[in-house]
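The values are calculated or read from the model by the stated rules, or taken from the named source; none is laboratory data. In this text, all values refer to a predicted model and were calculated from it rather than measured experimentally. All Cβ positions, glycine included, derive from the backbone under ideal geometry; neighbour counts span all protein chains shown. To get the accessible areas, we keep the full protein, side chains included, count just its heavy atoms, and leave off ligands, DNA and RNA. Shrake-Rupley method; radii C 1.70, N 1.55, O 1.52, S 1.80 Å.
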Amino acid sequence: LQNMKMVPVPEKAYGTFFEGDCYIILHTKRTSRGSAVDLHYWIGKDSSQDEQGAAALYVTQLDNALRGNPVQHREVQGHESETFQSYFRNGIIYKKGGVASGFKHVETNIYNIKRLLHIKGKKHVSATEVAPSWDSFNKGDVFLLDLGKVLIQWNGPNCSIAEKSRGLALARSIRDSERGGRAQIGIIDNEKDSPDLMQIMKMVLGERRGELQDAIPDAKADELQKANVRLYHVYEKDDDLVVQEIATRPLTQDLLQHEDCYILDQGGFKIYVWRGKASSLEEKKAAFTRAVGFIQAKGYPSSTNIEVINDGAESAMFKQLFQRWTEKDETQGLGKVYTTGKIAKVEQVKFDTTQLHARPELAAEQRMVDDASGEIEVWRIEDLQMQPVNPKTYGQFYGGDCYLVLYTYLRSGRPHYVLYMWQGRHASVDEITACALNAIELDKKHGDEAVQVRVTMGKEPTHFLAIFKGKLVIYEGGTSRGQKSTPEPAIRLFQVRGTDEMNTKATEVPARASSLNSNDVFLLPTSQVCYLWCGKGCSGDEREMAKMVADIVSKRDKHTILEGQEPAEFWEALGGKAPYASEKRFQEQVTHYQPRLFECSNQTGRFIMTEVVGFCQEDLDEDDVMLLDTWEEIFLWVGKASNTYERNEAIASAKEYLKTHPAGRDLATPIILVKQGYEPLNFTGWFNAWDPYKW
């Protein structure tokens with residue numbers, strides 16, 4: 001903003017901000033549903049109140065001009081949102097002064113410069129101009145001494161590799177955008193090895209007296225704080241602003257009424273304002289002022305992030321904070337299509353597994369590593385040791401046991417491994433722990449290359465179903481060991497779901513009539529026959545698969561009966577007739593979920609996650625543990641050089657993430673451990689243009 005007017009910033013200067021000014025950023029991105037628009041206004045720490053007010057006003061006007069589609073953000077210098085930082089891949093540079101005092105954004109080929117930049121951050125980099133003196137330095141960050149024709153990058157002794165390389169990327173971008181490429185870059189990684197460069201630094205900054213100060217840790221919100229979401233109704237009453245708390249987590253979408261405006265407070269880490277479609281113009285205009293008022297009333301720092309959201313154009317981050325979020329066009333179509341009395345089926349789309357290698361994004365979407373044609377080995381945990389399971393019984397899992405399943409497949413001629421840890425619902429804590437420990441040992445035997453997947457009984461992932469080729473049977477209790485401690489139940493009932501070898505499993509359910517469901521096929525083995533009960537809503541494919549499974553659970557004659565034509569013996573075996581589910585089954589409508597990538601750090605005993613918006617393979621650094629959340633599963637990516645503590649804590653971090661997730665996530669979501677250099681297709685497919693040879 002210049003003299004209260006909006007003046008375009010030259011593209012060369014994108015990412016450079018004067019501390020005395022305010023800026024407006026418009027960002028548009030194509031998505032599957034059209035385009036996503038974000039509007040940010042950025043406040044420099046030395047900007048005037050008038051300019052800040054003008055910036056907020058312009059954003060409101062732009063929002064109107066764009067018909068209320070943009071998500072609006074208020075950004076304060078040094079506290080920018082993860083979305084904002086994602087626009088400037090090379091980092092953000094803060095310059096002293098402002099346009100009003102005669103500074104220009106792009107002054108190429110000006111060499112009489114002397115400034116010291118303090119570079120911070122690993123995933124999100126920023127450079128702030130500081131006083132050119134040794135007192136500004138510390139041991140943990142990168143500093144850049146800019147002398148016009150020479151740029152000297154000084155790396156603190158406690159810097160990570162990632163911080164050094166991000167620092168260099170920033171130095172290069174200054175050289176190329178501000179000096180037309182005509183400047184030398186020198187790097188001091190260890191002062192003893194660079195006497196000439198140190199000589200220049202001493203000439204400019206003087207001799208250094210005393211010790212350098214220690215690194216300053218970043219103050220960041222931890223996950224527990226972010227999980228503390230509260231929803232407030234905001235309205236005016238006799239010229240007073242009334243803020244009334246209406247709910248805490250888990251929040252549901254129906255709390256948001258179209259006539260009103262709401263404030264959602266995410267643990268003081270971020271404030272969202274949601275503006276209902278039918279709320280008054282005055283209310284809509286006052287969104288930012290109200291949010292700022294709310295921040296003051298709560299005693300939060302004035303730098304707190306604010307995001308203003310319009311009804312119907314919510315951002316992915318906002319939807320995340322609710323237990324379930326349905327887009328309106330998803331639900332409307334459903335109720336009308338079906339006439340009553342018929343049972344609707346959710347058709348499973350067949351997909352061609354031969355395409356997985358050519359199209360990794362398909363592997364990710366279908367959650368398949370390969371076409372499931374590899375080799376399987378199965379062990380049961382017995383007396384805390386691994387006991388091989390008889391291959392004849394592969395696919396049969398008992399709820400009282402834990403199992404390890406090693407799946408081996410070839411990719412470009414060499415073996416790759418997936419190691420599943422299946423945990424029975426009734427297994428002891430000792431067995432579950434032993435299962436994890438044995439998995440680590442088994443992984444070591446295979447050169448630490450296996451992808452480890454934690455599977456909770458009843459939540460088996462797609463690929464796990466596929467490798468057992470339709471012969472997966474899950475028994476509620478008991479064990480597959482030789483000596484059975486408890487007698488097997490006389491009557492068992494199994495629910496079979498699936499249409500082909502890739503997606504079928506049979507699960508034991510309580511042997512009562514109330515367990516039946518018109519959408520499925522059930523198997524009821526008795527001492528005389530094995531009944532195949534076919535609900536009205538099941539398809540021919542499902543019946544065929546059930547026949548295959550029936551041979552596993554019973555050696556007796558098979559007797560197919562249709563719903564409504566059951567013999568008396570059938571009901572007797574189940575202890576008499578009873579009402580059961582016969583409504584049509586709708587697929588859960590989960591909004592098309594945008595995968596999210598986070599850097600995990602557990603260094604300080606507090607669990608902190610930094611989101612990387614618009615992520616790519618470059619964001620995976622060797623010294624990181626990263627978490628990729630695709631909703632149906634959680635991937636942990638472990639870099640080669642990550643520290644042992646964070647590596648060992650990774651699974652605990654993932655569980656913590658699910659536990660503190662504002663949307664009240666299913667704690668049985670599969671957690672998949674992936675090592676750098678051994679990424680499976682269903683992981684790499686979430687990244688655009690993955691380069692398998694990068695490392």
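Quick check: is even one residue across the range 517-524 touching a Pro at 6+ places or on another chain (Cβ under 6 Å) and in a strand (DSSP E or B)? Looking for residues that are touching a Pro at 6+ places or on another chain (Cβ under 6 Å) and in a strand (DSSP E or B), one finds none in the range 517-524, hence no. Got a sec? Which strands (runs of 3 or more DSSP E) wholly within the range 586-642 have at least 2 residues that are within 24 Å of V455 (Cα to Cα) and at pLDDT 80 or above? Fully inside the range 586-642 and qualifying: 596-601, 625-629, 634-638. Of all residues in the range 123-138, those that are at pLDDT 85 or above have Cβ atoms under 7 Å from Cβ atoms of residues that are hydrophobic (A, V, I, L, M, F, W, C) and open to solvent by 30 Å² or more (accessible area, probe 1.4 Å), 6 or more apart or on another chain, in P132/V204; S136/V130; N138/A215; N138/I216. Residue count for the range 364-415 under the criterion of being over 21 Å from K505 (Cβ atoms), surrounded by 17 or more Cβ atoms within 10 Å (Cβ to Cβ) and small (G, A, S): the result is 1.
Across the range 58-85, the qualifying residues are those that are surrounded by fewer than 18 Cβ atoms within 10 Å (Cβ to Cβ) and among the small types (G, A, S), and the one among them that is nearest to the chain's Cα centre (by Cα) is G78. The condition of being touching a Leu at 6+ places or on another chain (Cβ under 8 Å) and modelled with pLDDT under 85 does not hold for G664. Taking into account only those residues within the range 1-51 that are polar (S, T, N, Q) and touching a Lys or Arg at 6+ places or on another chain (Cβ under 9 Å), which is farthest from Q85 (Cα to Cα)? Looking at the filtered set, the residue picked out is S35. Scanning the range 237-254 for residues being out of contact with any helix residue (DSSP H, G or I) (no Cβ under 9 Å at 6 or more places or on another chain) and surrounded by 15 or more Cβ atoms within 10 Å (Cβ to Cβ) gives a total of 2. Please determine whether any residue of the range 429-440 is open to solvent by less than 20 Å² (accessible area, probe 1.4 Å), over 19 Å from P391 (Cα atoms) and in contact with a Phe, Trp or Tyr (Cβ under 7 Å, 6 or more places away or on another chain). For the range 429-440, residues open to solvent by less than 20 Å² (accessible area, probe 1.4 Å), over 19 Å from P391 (Cα atoms) and in contact with a Phe, Trp or Tyr (Cβ under 7 Å, 6 or more places away or on another chain): absent. What is the number of the single condition among (1) surrounded by 20 or more Cβ atoms within 10 Å (Cβ to Cβ); (2) of a type in the set (D, E, K, R); (3) more than 22 Å from K459 (Cα to Cα) that E542 does not meet? Result: E542 passes all but (3). For the range 515-527, filtered to residues that are touching a residue at least 40 places away in the same chain (Cβ under 8 Å) and more than 38 Å from the chain's Cα centre (by Cα), the residue that is most open to solvent (accessible area, probe 1.4 Å) is T526. Condition (residue is in contact (Cβ under 8 Å) with a residue 60 or more places away in the chain and either closer than 17 Å to R380 by Cβ or outside any helix (DSSP H, G or I) (or both)) applied to the range 419-435: is it met by at least one residue? Checked against the condition, which is being in contact (Cβ under 8 Å) with a residue 60 or more places away in the chain and either closer than 17 Å to R380 by Cβ or outside any helix (DSSP H, G or I) (or both), the range 419-435 yields no hits at all.
Give the range 528-539 a look and list any residue that's open to solvent by less than 10 Å² (accessible area, probe 1.4 Å) and part of a strand (DSSP E or B), or say none. Across the range 528-539, the qualifying residues are C530, L532, W533, C534.
Would you call N503 open to solvent by 10 Å² or more (accessible area, probe 1.4 Å) and over 31 Å from the mean Cα position of the chain (by Cα)? Criteria not met by N503. Each residue in the range 614-632 was checked for being under 15 Å from R166 (Cβ atoms), open to solvent by less than 10 Å² (accessible area, probe 1.4 Å) and not charged (D, E, K, R), and 1 pass.
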